[in-house]
Amino acid sequence: MIKLTIIDRDDSSQDIEIPEGINLSLMEVLKASEYDILATCGGLGICATCHVAVVEAPDSLPPVNDTELDMLDTLPEAGPNSHLSCQIRVSEAIDGAIFKIMGESN
Ligand code: FES
């Protein structure tokens with residue numbers, strides 16, 4: 001199992017466990033776990049409403065890609081730890097990571 005800790009907008013924190021090999025993005029896992037994120041573009045990386053901040057992550061978390069950088073540049077609240085959750089694949093590489101939900105709610 002891959003264990004992640006998710007901090008919601010109200011600072012409440014919850015651990016979620018995801019089976020290995022599931023091949024979903026973090027955005028898809030958050031939606032499936034009933035977190036309130038818009039993800040308007042459905043994961044194409046063009047809406048930035050799935051914005052998360054990385055609070056803690058293993059070194060194996062891939063750095064932001066060019067798609068993310070372009071979109072994050074449009075968000076005033078984005079910081080050096082910002083990512084788009086639709087661009088993060090859930091795998092063993094992010095086991096133990098802590099993410100804070102930042103994007104717009106419904
Ligand atoms: S869902 Fe639109 S950028 Fe991630």
Kindly indicate whether I22 is under 23 Å from D11 (Cα atoms) and surrounded by 13 or more Cβ atoms within 10 Å (Cβ to Cβ).
no
Please specify each residue of region 68-95 satisfying the condition of being away from the ligand (no atom under 11 Å from the Cβ) and open to solvent by less than 40 Å² (accessible area, probe 1.4 Å).
A78, G79, S82, V90, S91, A93, I94
With criteria (1) within 13 Å of the ligand (Cβ to nearest atom); (2) polar (S, T, N, Q); (3) at pLDDT 95 or above, S33 comes up short on (1)
Has region 9-19 got at least one residue that is within 14 Å of the ligand (Cβ to nearest atom), of a type in the set (K, R), in contact (Cβ under 8 Å) with a residue 12 or more places away in the chain and surrounded by fewer than 19 Cβ atoms within 10 Å (Cβ to Cβ)?
no
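The values are calculated or read from the model by the stated rules, or taken from the named source; none is laboratory data. Bear in mind the structure is a predicted one, so any value in this text is a computation, not a measurement. We place every Cβ from the backbone using ideal geometry, glycine too, and count neighbours over all the protein chains shown. Each accessible area value is taken on the protein alone, full model and side chains, heavy atoms only, with ligands, DNA and RNA left out. Shrake-Rupley method; radii C 1.70, N 1.55, O 1.52, S 1.80 Å.
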